[in-house]
Structures are given as structure tokens and as C-alpha cells.
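The values are calculated or read from the model by the stated rules, or taken from the named source; none is laboratory data. Owing to the predicted nature of the structure, the values given are computational and were not obtained by experimental measurement. So basically every Cβ, Gly included, is an ideal-geometry build from the backbone, and we count neighbours across all protein chains shown. Side chains included, ligands, DNA and RNA excluded: accessible areas come from the protein's heavy atoms. Shrake-Rupley method; radii C 1.70, N 1.55, O 1.52, S 1.80 Å.
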Amino acid sequence: METLEDILDRLDMTRIPRHVAMIMDGNGRWAKSRDKVRSDGHYEGITSVHNVTALSSDLGMEYLTLYAFSTENWNRPKEEVDTLMTIIGWAIARELPELLQNNVRINLLGDIERVPEGPRGELYDSRDKTAHCTGLQLNICISYSSRWEITEAARRLAREAAEGRLDPDDIDEGMFSNHLATAGMPDPDLLIRTGGEERISNYLLWQIAYSELYFTPVLWPDFGKKEYALALIDYQQRERRFGKTSEQVTNNPTI
């Protein structure tokens, strides 16, 4: 059986994606299949977060964006929401020392003020304490959805136009991108979704227009460094054309 080291040896280190986004799906089903409560799956999933963050950092990746909690997730049973918020606060505090050691910078995307005070404080504390780090930027999407993000961007542009600070005719894709939560970041090169579902679930809809998509049946708590490395191998075998022809890409690989 191929080991993690074998897979990493097959990686082309000159073609590591700058930005990987992940939809971490399958915690509940992982727990149910083992006759455990859903919260056990969420706790187990923290290990996967640790592993993919560590490997991303080791590979020199610039950005890793994780979908931790969507705006739609607020509609789940209150007990599960409260548990998830507790887990998020506990996990970010537990991981902080190693994140600092590995030069990882925390960034928060979403309507964070909606998060309860306790975990919200842990999130802000981790963001502030890692602000000086210059390695991997770990974007944590909490209380986030793409339609929320796009609506907020449209509101800001409309407000600027109403105040006379912006000519609506000047709005283009670049300006709109600069009003999104991901302003200043490259779009994801690769979007990974675990758990077997093959949908985007209101996640980074603007940003993944040309991202490579990778769906795996592996449930999130079982998605470790080996599974992640295999996804990166799959990514490196693809030809990214961005609307061009194969011949154009082959003849001028910088386009």
C-alpha cells in the first residue's frame, strides 16, 4: 500500500496550488456509522483540520480556506449549534500554540458577530495573536455563505455610489472582487469536498469560477494527510485552460 511519503514523492513541488478551499462534510455520518452522537464526529473532525493545515503549511501553500459553519447551519437544532460553537472555540484555542510555531496566520470570513461571545472571543484572539505570521493564511469561514458575501459586497458598492464616492459605470469584476471577504487573495485553485456529496453548498461561488473541483466519498474525520496528498496529485494531473485551448496553454504555459 502506498504510504504518505510515497505520495508526497510524486508531488511536483513547483505546481503546489497557491490556494485550496475545502468543504468539510461527513462528521455526522461518520459518528452515526459508529453508533456515536453527532458531536463525536465534529470533535474527530478537528484532527483532520489539524492535519490538512499542517500539510498545507509544510508544502508552502499560501492560503487554505475551510468552510466551518454556514449561515444555513444556524437552522440546525439549537443543541447541535451550541455544541459546534463550543467545539470551534475550544479547537482554535487548542491549536493556537502550534499555529504560531508554524507561522500560520488566522483570518476570519463571515458574519462573525453572530457567533456567541465565548467562541467569538477565541476566534478574534487567535486572529490577533497570529496577525504577524507570514506563512500559510488559514481562512476560517464561520457564519458564512456566498450569497451573504455577494449581497454584502453589493450593499457596500451601492452605498459608495449613493455617497458619490463611486461611479457605477466604473464597477468591473476587479472592483467587485475587492469588496468581497476574500479581497486581496487569489481565487482558489482547487476546491475539495469530502463526504460523497457533489455540490457547492453556497460556498465561494464568485471565487471558484475557474477552480478545479475534487469530490471524494471519504468522510471528513477520515480525511487525513494521505487523502489530501492524493487530491493534490489529482489536481496536478489536470490541464487548467481558463477558456483557452489546449494548444494555447501548451505553447504558452504562462497564460
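For the reader, a short list of remarks on this structure follows.
- Label selected from (1) 16.2; (2) 13.5; (3) 14.9, the criterion being mean projected area of the Cα convex hull in nm² as computed here: (1)
- A 1.4 Å probe over all protein chains sorts E160, E117 by accessible area into E117, E160, starting with the largest.
- When H132, H50, H42 are compared by accessible surface with a 1.4 Å probe, the order from highest to lowest is H132, H50, H42.
- The length gained on full extension between A93 and D128, counted as 0.36 nm times the residue separation minus their Cα-Cα distance, comes to 11.4 nm.
- Taking amide H as placed 1.01 Å from N in the peptide plane, the amide H of N107 sits under 5 Å from that of L138, N139, I140, each at least 5 places away or on another chain.
- Over the chain, Cα pairs under 8 Å with separation of 6+ residues give a relative contact order of 28 percent.
- Largest to smallest accessible area among K36, K225 [probe 1.4 Å]: K36, K225
- Spin-label proximity, R199 to region 52-72 - amide N less than 15 Å from point 7 Å beyond Cα toward beta carbon: 70-72
- With R₀ fixed at 41 Å, the C-beta to C-beta distance from N73 to I233 puts the FRET efficiency at about 0.85.
- Between E113 and D170, the modelled label-to-label distance comes to 2.7 nm, taking each label 7 Å out from Cα in the direction of the beta carbon.
- Under Karplus coefficients 6.51, -1.76 and 1.60, residue-wise ³J(HN,Hα) of region 138-151 in Hz, glycine/proline x: 9, 8, 10, 8, 10, 6, 10, 8, 5, 5, 4, 4, 5, 4
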